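Participant: Handing you this structure, nothing more for now.
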Ligand SMILES: Nc1ncnc2c1ncn2[C@@H]1O[C@H](COP(=O)(O)OP(=O)(O)O)[C@@H](O)[C@H]1O
Ligand SMILES: [Mg+2]
């Protein structure tokens, strides 16, 4: 099931949902003022999909990603991820869930400076209650896969930005997550390096991983299978793969 | 699994602390000095009190010692030569030894201010005239020969026993036994040498002072040949005193008799003497007072050590709070990647304990070094109780826990989103 994912755009049957959001609101209170960062947002992300989440600054992209990543809780509505109702999980359960089921990739890489490459990749495993068999080999395999097989004991400071982001990607994959969440993952990189990272995402997508990539760059968004545009905390438009690929063909 | 995750936490803590070597080092100093001072002060204090207790015990814990004291108001220095008469009397001694209950033995001591010579060598030790019972009551050990006997007392023998220091001074190369020494105007034969009261070799005799040196002769001999008048030349003028007995050592049968005897002696002397020309020394009371002094000393020490550890702990907390703020983002990352609150608490608590524990270990080292140096340079006795370093180290770890809890709690309760956004 994992591996036999049909190529995007040629879907015949609907894949199972990974993240289901219904009527999600997220309100921030700034003194007297109330800001609705998300305003009744409903959407379902399904297994194997690769989404670019786009929108102007302040449209609620990061807020959405934080809620999807279970680091933030909605003030209203229901969020089910992998069949769990997030509101029903307590802080400890949510932490374990994040480590086991979600992979985070940040704009500024966010590696731990005092740990080396291998230790950084193994970070999410450290906080799981059980350490899976052969995790060291898996970490080594991932390091090789992202092209850092010869830099296992380097500290983040000794790596370039692109290399650091590769470590972060390897880290996000260590627990074989149900959902990969990337917030402006290429925002700090030059276009050539960004391209390499996006190629990695393409590979992951081809393997059937579910990827949500927040970006404000049209260039980056175009690489994704689907595009979800936000405006003022709600959906502006949804562009599914088939149609978009057609457009892209027209443009060329 | 459990122990390996703790080992990993400690290793991680160490590597985080090593990122800021100087800061970590400076932070540990407070605890380091706190721990070192606890150990060092305890060692010096224990040593001093052990020495004091030892001295008191040497007086004999079952004894009550009565001493003649020259009353302060008498003795008009310019007055024409006159005899100053004061102190304990033979009647006092009779009353004690015959009527007091619970007395095992009582020993009178008469002191005579004679010089002691052998050939060219001259010294002025305390010359004590006392019966044979003196040795057993004061628990003095014999170095060689014998002590005075009942026979000596009965026959007013011209014999004497030297204290170890006097023997060494007068006969540096030879045994003193069988030699004759001149005490005042009379020749006495040395029949024995007593062990020093102080561990051998630590005090050398100063020939001009009485400190340390002792010569014993039978009381009857003393009375017969030297009398009860002590004549001394002092800066040209003659100083004549008449004291019947300089000291009476009363040995109780049991420990519980000591306070009773002491009270009886005090009231008897008060009744019989118009002036306070005596003092009553009760080693048992001194011992109790020494214990009390030590207790107070320990409280003061404990407070000082407590304050320095408190200050050290506050320093550590201060730095850990700064560290937590500085590493807000790291905390956010760890939380996002699956760390529970307890993991963050553990991480920072372990880090604080590594800091204070390191301070504790080095502090124990320094704390053991100080008494060692004091003993060699100041010639003070120090005692390091085996429990002291363990206790001090334990306290340092405890300081780490107590002062690490709040920063760790702060770290664990950060909002992950806020923490991740932190620059
Ligand atoms: N912690 C916060 N406190 C108050 N307002 C916030 C906070 N985070 C986001 N917002 C507001 O919510 C809205 C959406 O923000 P965000 O999700 O960061 O947008 P984007 O990532 O698309 O730029 C903005 O108006 C922003 O000002
Ligand atoms: Mg944003």
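Laboratory data are not the source of any read-out in this text; all were calculated from the coordinates shown. Remember, predicted model here, so these are calculated numbers, not experimental data. FYI the Cβ positions are ideal-geometry reconstructions off the backbone, even for glycines, and counts take in every protein chain you see.
Participant: Test of understanding: what is the full-extension gain from residue B:322 to residue B:298, defined as 0.36 nm times their sequence separation minus their Cα-Cα distance? Write down the numbers at each step before the final one.
Facilitator: On the way: separation 24, 0.36 × 24 = 8.64 nm, distance 3.55 nm.
Using 0.36 nm per residue and subtracting the Cα-Cα distance, I get 5.1 nm.
Participant: Divide, for chain A, the radius of gyration over alpha carbons by 2.2 N^0.38 Å, where N is the residue count.
Facilitator: Working: Rg = 18.1 Å, N = 252, 2.2 N^0.38 = 18.0 Å.
Ratio of Cα Rg to 2.2 N^0.38 Å: 1.01.
Participant: Continuing with this model, one more query. Can you give the percent of C-alpha pairs in the stretch A:79-203 whose distance is more than 18 Å?
Facilitator: Values: 4079 of 7750 pairs.
Counting every Cα pair in the stretch A:79-203, those more than 18 Å apart make up 53 percent.
Participant: Right, something else. Determine the calculated [θ] at 222 nm for chain B from helices alone, applying -39500 (n - 2.57) to every DSSP H run no shorter than 4 residues and normalising by the residue count; nearest 500 deg cm²/dmol. Let's see the in-between values first.
Facilitator: Values: 13 runs with 228 residues, N = 423.
Value at 222 nm, helices only, nearest 500: -18000 deg cm²/dmol.
Participant: For chain B, what is the percent of antiparallel DSSP beta bridges, rounded to the nearest 5? The partial results should precede the final answer.
Facilitator: Values: 39 of 51 bridges.
Bridges in chain B are about 75 percent antiparallel.
Participant: While we're on this one: Report for the protein assembly as shown the percent antiparallel among DSSP-assigned beta bridges with both residues inside it, nearest 5.
Facilitator: Of those bridges, close to 70 percent are antiparallel.
Participant: Also: Checking the a/c ratio against 1.5 first, then a/b against b/c, what shape does the Cα gyration tensor give for the stretch A:15-111? Don't skip to the answer; put the middle values down first.
Facilitator: Working: a/c = 1.34, a/b = 1.28, b/c = 1.05.
Rounded is the answer for the stretch A:15-111, as its axis ratio a/c remains below 1.5.
Participant: Under a point spin-label approximation (7 Å from Cα along Cα-to-Cβ), what is the residue B:398-residue B:20 distance to one decimal in nm?
Facilitator: Each label point is offset 7 Å from its Cα along the Cβ direction, giving 2.8 nm.
Participant: Taking the highest mean first, how do the peptides B:323-334, B:140-151 order by number of other beta carbon atoms within 10 angstrom per residue?
Facilitator: B:323-334, B:140-151
Participant: Using the Cα atoms as the points, what is the convex hull volume per residue of the stretch B:33-188 in Å³?
Facilitator: Values: hull volume 39.2 nm³, N = 156.
In the stretch B:33-188, the Cα convex hull volume per residue is 251 Å³.
Participant: With 10 angstrom as the radius, rank B:406, B:278 by how many other C-beta atoms surround their C-beta, starting from the fewest.
Facilitator: Fewest-to-most Cβ neighbours within 10 Å comes out as B:406, B:278.
Participant: Peptide B:326-336: average number of partner chain Cβ atoms within 10 Å per residue?
Facilitator: Working: counts 0, 3, 0, 4, 5, 0, 3, 10, 8, 7, 13.
For peptide B:326-336, the averaged partner shielding equals 5.
Participant: Which shape class applies to the stretch A:36-90: rounded if a/c is under 1.5, otherwise prolate when a/b exceeds b/c and oblate if not, where a ≥ b ≥ c are the square roots of the Cα gyration tensor eigenvalues?
Facilitator: Working: a/c = 1.98, a/b = 1.20, b/c = 1.65.
Note, shape of the stretch A:36-90 comes out oblate.
Participant: Classify the stretch B:62-282 as rounded, prolate or oblate from the Cα gyration tensor: take a ≥ b ≥ c as the square roots of its eigenvalues, call it rounded if a/c is under 1.5, otherwise prolate when a/b beats b/c and oblate if not. Each step should come with its number before you reach the end.
Facilitator: Values: a/c = 1.84, a/b = 1.20, b/c = 1.53.
Because a/c hits 1.5 or more and a/b fails to exceed b/c, the stretch B:62-282 counts as oblate.
Participant: When DSSP beta bridges are limited to those with both residues in chain A, what percentage is antiparallel, rounded to the nearest 5? All intermediate terms of the calculation are to be shown ahead of the outcome.
Facilitator: On the way: 22 of 39 bridges.
In chain A, DSSP labels about 55 percent of beta bridges as antiparallel.
Participant: With r defined as the distance between the Cβ atoms of residue B:99 and residue B:255 and R0 fixed at 22 Å, what FRET efficiency is calculated, to the nearest 0.05? Kindly include the intermediate steps, with their values, before the conclusion.
Facilitator: Working: r = 21 Å, r/R0 = 0.97.
Here the calculated transfer efficiency is 0.55.
Participant: What whole-number distance in Å separates the alpha-carbon centres of the stretch A:189-215 and the stretch A:100-124?
Facilitator: 17 Å
Participant: So for chain B, what are the equivalent ellipsoid semi-axes in whole Å, largest first, each being the square root of 5 times an eigenvalue of the Cα gyration tensor? Write out the running numbers ahead of the final one.
Facilitator: On the way: eigenvalues 944, 104, 70 Å².
After scaling each eigenvalue by five and taking roots: 69, 23, 19 Å.
Participant: Grab the eigenvalues of the alpha-carbon gyration tensor for the protein assembly as shown, scale each by 5, take roots, and send me the semi-axes largest first in whole angstrom. Don't jump to the answer; show the numbers that get you there.
Facilitator: Details: eigenvalues 1883, 116, 74 Å².
Listed largest to smallest, the semi-axes of the protein assembly as shown are 97, 24, 19 Å.
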